[in-house]
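Quick notes on the structure that follows.
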Amino acid sequence: MTGTVARIEKKNPLGAITGFFKGVVTDFIEGDIFVKLSALVMGAGYFRRKQIIKGIIVTLFQAVIILFAGGFGRHYLSRIGTLGSVEYAPVFNFETMKNEINDYDHSFQILLFGVVSIIVLAVAFMFYLRNIRNVRALELRAKSGLHIHTFLDDVRSAKDERFHITLLTFPCLGIVLFTIVPLIIMITVAFTNYDQLHMPPASLFTWVGLENFKALFSNNIASSFGYAFGKVLSWTLIWAFAATFSNFFLGIMLASFINNAKTKLKRVWRTGFIVSIAVPQFVTLLIVRNFFARQGIANTLAADIGLTSFLQNIGLSPAHLDFIPFLTDPNWAKVMVILINIWIGIPFTMLIATGVLMNIPKELYESAKIDGASPFKQYIYITMPYMLFVTAPFMITQVVHNINNFNVIYLLTQDIYTTTDQALAAVNAKEIDLLVTWLHRLTQEQYDYKMASVIGIMVFVVCAVFTLIAFNLVIGRNKEDKFQL
Amino acid sequence: MRKYKELQIMSLTLRHLFLLLLVLVWLAPIVWLVFNAFSEFPGLNIRKFFPDSYTLENFRVLLFDTSDTVARFPVWFANTLKIAIFSCIVASSFVLMVSYAMSRMRFHGRRSLMSIGVILGLFPGFLAMIAVYFILRTFGLTNNHWGLVLIYSGSSGLGYLIAKGFFDTISETLSESARIDGATEMQVFWFIIIPLSKPIIVYTVISAFLAPWMDFMFASIILNSGIATDWTVAIGLYRMLDRSFINTHFARFCAGGLLISIPISVLFVIMQKFYVEGITGGAVKG
């Protein structure tokens, strides 16, 4: 049973596509004159079957697309190869005796509307092919004397068997406009020289092929991107795993510690931890950042109890400073952001873990007890594996979330942390940066969109590789029956 | 025997002392925020944990004093409320629509759509944001609250997984019997599934409503004009801690943080309750 399901799901997508095109061709050849006419005027087949309204709508759609392709589409698609050639320049107009701006090319608009045109035309073309198949199907229905849907029938079916189309149209349109199109554009920007020196409208940018990717992996006098990328990437990975696993293990420990029968007032303790979630994260992060500032309260307290001088004596804090550089020294800052992230994350993990812990079958513990397992062994061999099994997909998404965890790093270190590493500073990176905060700085402060796009693509590659490996490791081994009694 | 009992009491006391210590660590910054909100000293008190003297002045200035050009809290609150309400309406309907279609209906391409959703989730959200910014600018929608509404709600359909999980648990026999009685799919959606889904609807609505209050990154990119009356609460509070303002505005920042924490935490507690119900309650109903 499961075998057939798997086989159906592993249908070859390439086969499905070629099948579709073959179907279009045979439908066109075998169809009557109105099917063939539909290839010219899309509504023809519907008019023949008296689906007047549908015919008009489809034909109007065709007219709009042709106008679009001839005007808007042609204008931008003809320039997309070069991304524009007429540079922005003031021109003196002798009639008005004033300086005016010439009819310049705006590279980004050409890229944006070019990509939009390609997508619109591609969708319209698929719709056009689909239309031939629909018309042919309609002809076959008519020939075998079946009921031809009226327009009202179509409206009714939008509420019933095609209700999913009604539901999904607007959300999908939103996703296309606000995620897919922007992503395609940013991916294409990675192959251009769009940066501070090539900023529309003042100047043009153009295609440079794989130059930016080469720059990201090269380390020489001209560019230290290779060096910085290696450093930032490794810290991003360390951070993502440290942040995820510290929250996971400590959160479960805390949850089971509170859940323990010996602990009184369970609710009070839980509430104590949850209060910190209720304050918005950016407020707590900014508060904590000032707490640990150079002249912050933490430093005053540390100096008062002699912690500062103690740390200096054992060499953990620089001796030339009279404070502990909590968020300004590379090593201190890295440890601190992980600790602060534990502070932020544990209440969440505790909430989730409490729910899961209560669901662990009590029989598992009872039989372990009979076999003489200590509480520690029960934790290692029952609680942990069970939690891992239940929360593994959540953990994987959590690692991806942490790779992109902008808020913690940005709000804790922005404007405070400065790097002393010249090679990093040259490409506007810092030791504490994640790929995503580096990307943010490159765009918001340096306008280096080309390298930001390359880094964005790298983030995707890292996340995708990790997700694929992790899911295969977790789901590949079928452990489902292990915990079912 | 007595010795054993003493040992047990010791371990119990230690256990609770340890928890007390942890809770203190977790509460310290929050307590610090609350006390500083009432502090008479306007800047960052670096000598003592607790302020020397207390006042309600910070709240008065924040809420009623329009002469403070840095802190325009009532305006920020109104802006954020407007953005939150509109993006909440669009985003919650999108999420419920997508999750119903993905959970209760079977159609060609459903699985591929879901895989596309997973793949899109692997791109850093900020990457798309850069292009979205330029697109919105082309249409004059930057430094505009409607642009921000579009950003919060536009792609919200991707966050359908939790609601889908809930719809999955509602028994198929309910909709099946309604269909036998002649109900269309839309009627099943409106009259059978939606009334049964109160927990997940409340959860979806509140989490969509809260997003604009918590978001700093997207708002700071779209509302970058530097005009204080355009900002949302998050950007406004962040700017109050600029190096040039922190010595006059830290206490007001704490007051503002405290003020928005109250409604947010109330909503959050409600949401948590409904979230747990949403995860566990659906199965019981079947």
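The values are calculated or read from the model by the stated rules, or taken from the named source; none is laboratory data. Please read these numbers as outputs of a predicted model, since none were measured by experiment. Cβ: placed from backbone, ideal geometry, glycine included. Neighbour counts: every protein chain shown.
Those residues that are of a type in the set (A, V, I, L, M) and modelled with pLDDT under 90, I need them from region B:31-59; list them, please.
The initial filter retains those residues of region B:31-59 that are of a type in the set (A, V, I, L, M), namely B:31, B:33-34, B:37, B:44, B:46, B:56.
B:44, B:46, B:56, listed by residue number.
With respect to (1) modelled with pLDDT of 90 or more; (2) within 11 Å of another protein chain (Cβ to nearest Cβ), the lone exception for residue A:433 is condition (2). Evaluation of residue A:215 against the conditions (1) in a loop (DSSP other than H, G, I, E, B); (2) away from chain B (no Cβ under 13 Å); (3) among the hydrophobic types (A, V, I, L, M, F, W, C); (4) closer than 30 Å to residue A:424 by Cα shows that the sole unmet condition is (1).
Is it the case, given these coordinates, that residue B:244 is assigned to a loop (DSSP other than H, G, I, E, B) and either within 13 Å of chain A (Cβ to nearest Cβ) or not polar (S, T, N, Q) (or both)? Against the criterion (assigned to a loop (DSSP other than H, G, I, E, B) and either within 13 Å of chain A (Cβ to nearest Cβ) or not polar (S, T, N, Q) (or both)), residue B:244 qualifies. Here the condition is being without any contact (Cβ under 8 Å) to a residue 12 or more places away in the chain and either part of a helix (DSSP H, G or I) or outside the structural domain of residue B:146 (by TED's automatic domain parsing) (or both); of B:44, B:62, B:22, it holds for B:22 alone. Residue A:353 falls short on exactly one of the conditions (1) surrounded by fewer than 20 Cβ atoms within 10 Å (Cβ to Cβ); (2) more than 17 Å from residue A:418 (Cα to Cα); (3) more than 10 Å from chain B (Cβ to nearest Cβ), and that condition is (1). Hey, could you check region A:298-349 for residues that are among the acidic types (Asp, Glu) and either in contact with a helix residue (DSSP H, G or I) (Cβ under 8 Å, 6 or more places away or on another chain) or not in a loop (DSSP other than H, G, I, E, B) (or both) and say which is modelled with the lowest pLDDT? Top of the filtered list is A:322. So for region B:83-100 (the condition being at the interface with chain A (Cβ under 9 Å from one of its Cβ atoms) and more than 22 Å from the chain's Cα centre (by Cα)), does at least one residue qualify? Yes: one or more hits. The condition (being more than 10 Å from every other protein chain (Cβ to nearest Cβ) and acidic (Asp, Glu)) is satisfied by just one residue among A:421, A:415: A:421. The single residue among B:201, B:194 that is within 13 Å of chain A (Cβ to nearest Cβ) and part of a helix (DSSP H, G or I) turns out to be B:194.
Here's the yes/no breakdown for (1) assigned by TED's automatic domain parsing to the domain that holds residue A:16; (2) surrounded by 15 or more Cβ atoms within 10 Å (Cβ to Cβ); (3) at pLDDT 90 or above; (4) over 32 Å from the mean Cα position of the chain (by Cα):
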| residue | (1), (2), (3), (4) |
| --- | --- |
| A:102 | yes, no, no, yes |
| A:106 | yes, yes, no, no |
| A:114 | yes, yes, yes, no |
| A:125 | yes, no, yes, no |
| A:132 | yes, yes, yes, yes |
| A:149 | yes, yes, no, yes |
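So is residue B:152 more than 26 Å from residue B:231 (Cα to Cα) and either of a type in the set (Gly, Ala, Ser) or within 11 Å of chain A (Cβ to nearest Cβ) (or both) or not? Taking the combined requirement at face value, the residue does not satisfy it. Selection within region B:4-46: residues that are surrounded by 12 or more Cβ atoms within 10 Å (Cβ to Cβ) and among the charged types (D, E, K, R). The member of this set that is farthest from the other protein chains (Cβ to nearest Cβ) is B:40. Scanning region B:167-186 for residues that are assigned to a helix (DSSP H, G or I) and in contact with a helix residue (DSSP H, G or I) (Cβ under 7 Å, 6 or more places away or on another chain) turns up B:167, B:168, B:169, B:174, B:175, B:178, B:179, B:185, B:186.
Are there any helices (runs of 4 or more DSSP H) wholly within region B:90-166 with 1 or more residues that are in the same structural domain as residue B:224 (by TED's automatic domain parsing) and over 17 Å from residue B:211 (Cα atoms), and if so which?
Details: elements: B:110-121, B:125-138, B:145-154.
Qualifying helices (runs of 4 or more DSSP H): B:110-121, B:125-138.
Might you let me know whether region A:76-96 holds any residue that is within 25 Å of residue A:178 (Cβ to Cβ) and in a helix (DSSP H, G or I)? Checking region A:76-96: at least one residue is within 25 Å of residue A:178 (Cβ to Cβ) and in a helix (DSSP H, G or I).
Determine which single condition residue A:169 fails, assuming it passes every other condition in (1) surrounded by fewer than 18 Cβ atoms within 10 Å (Cβ to Cβ); (2) over 30 Å from residue A:459 (Cα atoms); (3) within 14 Å of chain B (Cβ to nearest Cβ); (4) not small (Gly, Ala, Ser). Exception for residue A:169: condition (2).
Residues in region A:261-277 that are free of Cβ contacts under 8 Å to residues at least 24 places away in the same chain and out of contact with any Lys or Arg (no Cβ under 8 Å at 6 or more places or on another chain): 10 in all. Scanning region B:156-193 for residues being at pLDDT 90 or above and closer than 27 Å to residue B:127 by Cα gives a total of 3. Selection of region B:218-234 for residues being surrounded by 18 or more Cβ atoms within 10 Å (Cβ to Cβ) and either part of a loop (DSSP other than H, G, I, E, B) or in contact (Cβ under 8 Å) with a residue 60 or more places away in the chain (or both) yields B:218, B:219, B:221, B:222, B:223, B:230, B:231, B:232, B:233, B:234.
Would you say residue A:92 is over 21 Å from residue A:53 (Cα atoms), in the same structural domain as residue A:46 (by TED's automatic domain parsing) and loosely packed, with under 11 Cβ neighbours inside 10 Å? Taking the combined requirement at face value, the residue satisfies it.
Assess whether residue B:85 counts as being in a helix (DSSP H, G or I), out of contact with any Lys or Arg (no Cβ under 8 Å at 6 or more places or on another chain) and in the same structural domain as residue B:168 (by TED's automatic domain parsing).
Working: in a helix (DSSP H, G or I): yes; out of contact with any Lys or Arg (no Cβ under 8 Å at 6 or more places or on another chain): yes; in the same structural domain as residue B:168 (by TED's automatic domain parsing): yes.
Yes.
Residues in region B:243-261 that are within 15 Å of residue B:74 (Cβ to Cβ) and surrounded by fewer than 20 Cβ atoms within 10 Å (Cβ to Cβ): 1 in all.
Kindly evaluate residue B:165 against the criterion of being of a type outside the set (Ser, Thr, Tyr) and surrounded by fewer than 19 Cβ atoms within 10 Å (Cβ to Cβ). Spell out the reasoning first.
Numbers: of a type outside the set (Ser, Thr, Tyr): yes; surrounded by fewer than 19 Cβ atoms within 10 Å (Cβ to Cβ): yes.
Yes, satisfied.
Taking each residue of region A:172-194 that is more than 7 Å from every other protein chain (Cβ to nearest Cβ) and looking for partners that are assigned to a helix (DSSP H, G or I) and among the acidic types (Asp, Glu) with beta-carbon atoms closer than 9 Å, six or more apart or interchain, yields A:191/A:211; A:193/A:211. Out of the residues in region A:226-256 that are under 13 Å from residue A:351 (Cα atoms) and within 14 Å of chain B (Cβ to nearest Cβ), which is surrounded by the fewest Cβ atoms within 10 Å (Cβ to Cβ)? Across region A:226-256, the extreme among qualifying residues is A:250.
Go through A:161, A:139 for me and flag whichever is closer than 30 Å to residue A:45 by Cα, without any contact (Cβ under 8 Å) to a residue 60 or more places away in the chain and among the charged types (D, E, K, R). Result of the check over A:161, A:139: A:161.
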